[in-house]
Amino acid sequence: MKKVLAVVLALMLVFSATAAFAAEYEIVSKGFQHQYWQAVLAGAQQKADELGVEINFVGPANESAYDEQLSQLNSAINASPKAIGLAALSTETCLDAIKEAQAAGIPIIGFDSGVPDAPEGAVLANCATNNYNAGALAGEKVYEAIADRIAAAEGSVRIGVSAQDAVSESVTQRGLGFIDKIGELAAADGYTVKLEGNEKYVNDAKVESVDDGKIIIETLVPSQVTSELSAIDCQTLLNKADIIAIYGSNQHSAEAIVTANENLQKVGTGEGQVIAAGFDSGAVIKAAVADGTFLGAITQAPFAMGAALVDTLVKAANGEEVADVDTGCQWYTAENMEDADIAINLYD
């Protein structure tokens, strides 16, 4: 995997330096700042090589660079490709460009967060993890780990959620899936829940929120997507006296938990420590899982996602009927992360 990533990244630098490069298939991701996107790129390039097609894979500098992504999408459309892969930072920002591609007869295939609320018929399929179900799996595992502490608590207990933003479909669904699963399991055990924090998560959750809830679920979203601000959010949560668990809904937010804990040293799987769970892989999160700082984390299959995306793009360009592809997720822990079926999805 590492060798494949190195080759693909070298090719990407060559392509980006060649203004005249024109590909059959344009792919506009949400960024390159996370290793996750490099793994998606590697899978896409491998499948492109297998099928004998050319791809151009681009992304903005960070996941709040809406205007930069829009510029990249416009460039992709102007290249008149056979099809476009798009993971939209904001469908609203990209709306006019999406309509332009649709009018030009260029098929769009979503991936990762996809293109939620796109005009009807503009996006033919989406290749992604079912993010809501993946978040729910994290919620299930966390609840199992803290059930006894909830039962033993005389007062309320708090579960923190660190979310990178309240805009991206993938991030919000992972957060809402986690919140709703905690709420469902709490209700089954006879507990009430109070939701606090970001309005998007409070309003869109299926959980019935009551003022005197036994379990408080607090979701914090930074004003800008920066590591520093997300780490501050995590410090704020970890400093709450009643906190017993915390969840980071993507690589950015999970790494923010690790950063926040460096000085606080409150997170771990030992007695009295705050149970933490993350989402995605990468060296920082894997190390936190391996040494017991994190209970575990959800991994997607980014390499498989990239491959599925290119395969679907080619089918769409050839006029074949296409459908959504669920690229799956897994819960990994210190005990199972070396298993072959898990390790293949853990990227550095």
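The values are calculated or read from the model by the stated rules, or taken from the named source; none is laboratory data. Just so it is clear, the structure is predicted and the values come from calculations on it, not from any experiment. No Cβ is skipped: glycine too gets one built from the backbone with ideal geometry, and neighbour counts run over all protein chains shown. Note: areas computed on protein heavy atoms with side chains; ligands, DNA, RNA excluded. Shrake-Rupley method; radii C 1.70, N 1.55, O 1.52, S 1.80 Å.
The GluC sites (Glu not before Pro) found in region 245-348 that occupy coil by DSSP, while having at most 16 further C-beta atoms within 10 Å, are Glu271, Glu320, Glu321, Glu335, Glu338. At full extension, Lys99 and Ala79 could sit 5.6 nm farther apart than now, given 0.36 nm per residue minus the alpha carbon distance.
The label point for Ala147 and the one for Thr259, both projected 7 Å from the Cα toward the Cβ, are 3.5 nm apart.
Among Tyr191, Asn133, Ala260, whose Cα projects farthest towards the positive end of the dipole of the chain, with charges put on the beta-carbon of Lys, Arg (+1) and Asp, Glu (-1)? Of the candidates, Ala260 comes out farthest on the positive side. Relative to one another, the C-alpha centroids of region 63-120 and region 184-252 are positioned 32 Å apart. Binning the alpha carbon pair distances of region 204-348 at 10 angstrom intervals from zero yields the distribution 11, 33, 29, 18, 7, 2, expressed in whole percent. Across q = 0.13, 0.18, 0.21 Å⁻¹, region 271-340 modelled as identical point scatterers on its alpha-carbon atoms has Debye log10 I(q)/I(0) values of -0.50, -0.72, -0.85, in the order of the q list. Can you list the lysines whose alpha carbon sits under 28 Å from that of Lys214, skipping same-chain ones fewer than 8 residues off? Here the lysines satisfying the reach criterion relative to Lys214 are Lys141, Lys181, Lys194, Lys200, Lys206, Lys240, Lys266. Measuring r between the beta carbons of Asp117 and Glu199 and using R0 = 25 Å, the FRET efficiency lands at 0.85. Angle of helix 227-238 to the longest C-alpha principal axis of the chain, folded into 0 to 90 degrees and rounded to 10: 20°. The charge dipole of the chain, taken about its Cα centre with unit charges on the Cβ atoms of Lys, Arg (+1), Asp and Glu (-1) only, comes to about 440 debye.
Taken over the chain, the convex hull of the Cα atoms encloses 132 Å³ per residue. When the alpha carbon gyration tensor of region 166-258 is reduced to an equivalent ellipsoid, its three semi-axes come out at 22, 15, 11 angstrom, largest first. In a reduced charge model with +1 at each Lys and Arg Cβ and -1 at each Asp and Glu Cβ, region 179-258 shows a dipole moment near 100 debye about its Cα centre. Angle between the Cα long axis of helix 131-152 and the longest principal axis of the chain, 0 to 90 degrees, nearest 10? It is inclined by approximately 10 degrees.
The residues of the chain expose on average 41 square angstrom of accessible surface per residue, using a 1.4 Å probe on protein heavy atoms. Rounded to the nearest 0.05, the FRET efficiency derived from the C-beta distance between Glu335 and Asn239 at R0 = 25 Å is 0.25. Here Lys47 is the anchor, and the aspartates and glutamates within straight C-alpha reach of less than 16 Å, apart from those fewer than 8 places off in the same chain, are Glu24, Glu26, Asp311.
The loop-placed GluC sites (Glu not before Pro) in region 72-146, going by DSSP, that have at most 12 neighbouring Cβ atoms within 10 Å of their Cβ come out as Glu120. Under a no-solvent Debye model with one identical scatterer per Cα of region 102-176, what's log10 I(q)/I(0) at q = 0.28 Å⁻¹? Log10 I(q)/I(0), no solvent term: -1.24.
Relative to the dominant Cα principal axis of the chain, helix 169-188 is inclined by about 30°. For region 48-182, the normalised intensity computed at q = 0.21 Å⁻¹ comes to -1.22 (log10 of I(q)/I(0), Debye sum over alpha carbons, equal scatterers, no solvent).
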